[in-house]
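Reviewing the structure listed below.
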Amino acid sequence: MEDVNIGKLTSKTLEGRVALVTGGSAGIGFGAAKRLSEAGAFVYIVSRRQEQIEQASARLGTSVRGIAVDVTKKDDLERLAETIQKEHGGLDIIFANAGGGKPIAFEELTGEDIDHLLGVNIKGVIFTVQTMLPILKDGASVILNASITADMGLPGFAVYAATKAAVRSLARSWTTDLKHRGIRVNSVSPGVVPTEGYRTEQKMTEEQVADYAQRVTSEIPIGRVGTPEDIGDAVVFLASYASSFITGIDLVVDGGQTRVYAGKN
Ligand SMILES: NC(=O)c1ccc[n+]([C@@H]2O[C@H](COP(=O)([O-])OP(=O)(O)OC[C@H]3O[C@@H](n4cnc5c(N)ncnc54)[C@H](OP(=O)(O)O)[C@@H]3O)[C@@H](O)[C@H]2O)c1
């Protein structure tokens, strides 16, 4: 099948906008930061490890700045808000993406596992958006990263999936909390996007990731797994004027995996 070129983002789409992407040193966050900066925004990326975030921002170019921040720590986020305010006078876009999870058998799930998952996937998202509120401009766009697991059963991912269902719910409630300021809040739900996290967090080998990607492709009508840039494109859409009548939704970006029958007729 021939590729259909449906057009390109231009560097004017988000010209003059300032964005924050949490978890921007790797995976989906990195791909989203790339797309947001290609669309003309200045992008702050944050993640915990200093060296990784500096390397990522160097790879992304001069309109991206990396700062070491743990989104579960309010103090880190307060310092970040001060820096953004001082350097750019406020924020137009937040992509609260930092998070993750690995399969844990129900019988083996510990209190520490639960605290960790709720900490980064829920508390981290709440702290990120809440701490940025004073510097968030009226009319801003907030995008939360959820997951297709929020409405699928997946063995070993029960708590992770529950945190992502919570993220979708936060987006809906904040839409009402922030509507008086014209701030739109939406979530994206990525499908299968093989990222660094498959190896670092889920402890899969390169071979296992390739194997999994190949197996799951038969369930995806578009015929391939996703890339971080696929999710980045959806983030740019939700950040831009093109989605100005859209708020409180969850945008599923999964190649049709969870919506459409992918088998043969
Ligand atoms: N990949 C998928 O198939 C998929 C599908 C659906 C949803 N998602 C969601 O997409 C998001 C990103 O996943 P990914 O696959 O891109 O993960 P990844 O490759 O593991 O990248 C995770 C990023 O988050 C950062 N991070 C982790 N904990 C953090 C914290 N407490 N504070 C600040 N930064 C933190 C990591 O850097 P440091 O370790 O240095 O902090 C890294 O930059 C997650 O919310 C995940 O649940 C992923």
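Couple of notes before you dig in:
Quick grid of which residues meet (1) in contact (Cβ under 8 Å) with a residue 40 or more places away in the chain; (2) under 12 Å from Ile94 (Cβ atoms); (3) of a type in the set (S, T, N, Q):
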| residue | (1), (2), (3) |
| --- | --- |
| Val120 | yes, no, no |
| Gly139 | yes, no, no |
| Val142 | yes, yes, no |
| Asp151 | yes, no, no |
| Thr163 | yes, no, yes |
| Glu196 | yes, no, no |
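- Checking each residue in the range 128-187 for being over 15 Å from the mean Cα position of the chain (by Cα) and polar (S, T, N, Q) picks out Gln130, Thr131, Ser169, Ser173, Thr175, Thr176.
- Pairs linking a residue in the range 62-86 that is open to solvent by 20 Å² or more (accessible area, probe 1.4 Å) to a residue that is of a type in the set (S, T, N, Q) and more than 15 Å from the ligand (Cβ to nearest atom), with Cβ atoms under 6 Å and 6 or more positions apart or on different chains, are Ser63/Ser37.
- Exclusive hit being touching a helix residue (DSSP H, G or I) at 6+ places or on another chain (Cβ under 6 Å) and aliphatic (A, V, I, L, M), set Ala19, Ala41, Ala58: Ala19
- Some residue of the range 91-101 being without any contact (Cβ under 8 Å) to a residue 60 or more places away in the chain and over 30 Å from Glu15 (Cβ atoms): no
- Filtering the range 87-111 to residues that are surrounded by 14 or more Cβ atoms within 10 Å (Cβ to Cβ) and either farther than 15 Å from Ala19 by Cβ or within 16 Å of the ligand (Cβ to nearest atom) (or both) leaves Ile94, Phe95, Ala96, Asn97, Ala98, Gly99, Gly100, Gly101, Lys102, Ile104, Leu109.
- Tallying residues that are surrounded by fewer than 17 Cβ atoms within 10 Å (Cβ to Cβ) and within 13 Å of the ligand (Cβ to nearest atom) within the range 197-208 yields 5.
- Scanning the range 161-182 turns up no residue that is out of contact with any strand residue (DSSP E or B) (no Cβ under 9 Å at 6 or more places or on another chain), among the aliphatic types (A, V, I, L, M) and within 27 Å of Thr10 (Cα to Cα).
- Identity of the residue in the range 122-137, without any contact (Cβ under 8 Å) to a residue 60 or more places away in the chain and within 13 Å of the ligand (Cβ to nearest atom), that ends up most open to solvent (accessible area, probe 1.4 Å): Lys123
- Which listed residue is out of contact with any Cys (no Cβ under 9 Å at 6 or more places or on another chain), under 30 Å from Val18 (Cα atoms) and surrounded by fewer than 17 Cβ atoms within 10 Å (Cβ to Cβ), from Ala234, Ala242, Ala262: Ala242
- Residues satisfying the stated conditions in the range 16-41, i.e. in contact with a Leu (Cβ under 9 Å, 6 or more places away or on another chain), open to solvent by 10 Å² or more (accessible area, probe 1.4 Å) and more than 11 Å from the ligand (Cβ to nearest atom): Arg17, Lys34, Arg35, Ser37, Glu38, Gly40
- Within the range 140-187, the residues that satisfy the criterion of being within 15 Å of the ligand (Cβ to nearest atom) and among the basic types (Lys, Arg) are Lys164, Arg168.
- Looking across the range 145-165, the residues that are in a loop (DSSP other than H, G, I, E, B), at pLDDT 95 or above and touching a Ser or Thr at 6+ places or on another chain (Cβ under 7 Å) come down to Ala146, Ser147, Phe157.
The values are calculated or read from the model by the stated rules, or taken from the named source; none is laboratory data. Every value quoted in this text rests on a predicted model; they were computed, and no experiment measured them. Using ideal geometry, Cβ is built from the backbone for each residue, glycine included, and neighbour counts are taken over all protein chains shown. Areas reflect the complete protein model, heavy atoms only, side chains present, ligands, DNA and RNA absent. Shrake-Rupley method; radii C 1.70, N 1.55, O 1.52, S 1.80 Å.
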